[in-house]
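The structure appears right after this line, and notes come after that.
Laboratory data are not the source of any read-out in this text; all were calculated from the coordinates shown. This structure is a prediction, so every number in the text was calculated from the model and none was measured. Here the Cβ is made from the backbone with ideal geometry for all residues, glycine too, and neighbour counts use every protein chain on show.
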Amino acid sequence: CTYLCVKERRFNYPIGALSTIAYCLLFWQQGLYASMALDAYLTPPLLYGWFRWKADANTRPVTRLQSRWIFGYLAMTAVAFAGALWINEILGGSFAITDSIILVGSILAQFLMDNKKVENWVVWFAVDVIAIWEYFASGLAIAGLQYVFFLANAGWGLGTWIRAMRRSRSENLG
């Protein structure tokens, strides 16, 4: 799924939906309620991304996030983090702080990815670093290893999407 995101292939969305359902069950069993909520949340918005990206032959171009939106995204993310942390603590969730960061960071990153903003990879990078620590610390070594792959993929995705954005700009100028 993440490989297909880097390659800007729309088929990443149905694969992602199957993955999120499987992770919901795993995280529920481990008491990682924010991670479980994240995957439950991400399944329906994958439909949004499917339509937003359009068909591969006519996909939306990769662009940068306009600076006027950055403060708004940061403010909404901070409010969402406070709410997620509060709920996670009420439920007695494991790793409440890091699990809440993973939740809100992933929602932000997915929204940016669905809109093909290159900054999504920077957010994914930060989320992946935290997730690697949390999942290894909570005994989910396989999930932790998967997030090591996601971390490498985020670096590769950033470079690939920057090149795609530059190519698109030069094609539009020429």
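Tabulated results
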{"read-out": "Computed lengthening from Gln29 to Trp133, 0.36 nm per intervening residue step minus Cα-Cα distance", "value": "35.6 nm"}
{"read-out": "Length-normalised contact order of the chain in % [C-alpha pairs under 8 Å, at least 6 apart]", "value": "23 percent"}
{"read-out": "Where N is the number of residues in the chain, Cα Rg divided by 2.2 N^0.38 Å", "value": "1.04"}
{"read-out": "All aspartates and glutamates inside 18 Å of Lys54 as judged from Cα atoms, apart from same-chain residues fewer than 8 positions distant", "value": "Glu8, Asp114"}
{"read-out": "Kirkwood Rh (inverse of mean 1/r, distinct Cα pairs), the range 78-154, angstrom", "value": "12.7 Å"}
{"read-out": "Proximal charge balance of Gln30 [Cβ under 13 Å; K/R count +1, D/E count -1]", "value": "-3"}
{"read-out": "Rg followed by Dmax, in Å, when the range 126-174 is reduced to its Cα trace", "value": "16.0, 53"}
{"read-out": "Helix-only [θ]222 nm of the chain, DSSP H runs n ≥ 4, -39500 (n - 2.57) each, per residue, nearest 500", "value": "-26500 deg cm²/dmol"}
{"read-out": "Calculated diffusion of the range 37-86, Stokes-Einstein form, Kirkwood radius summed over Cα pairs, 25 °C and 0.890 mPa s, µm²/s", "value": "182 µm²/s"}
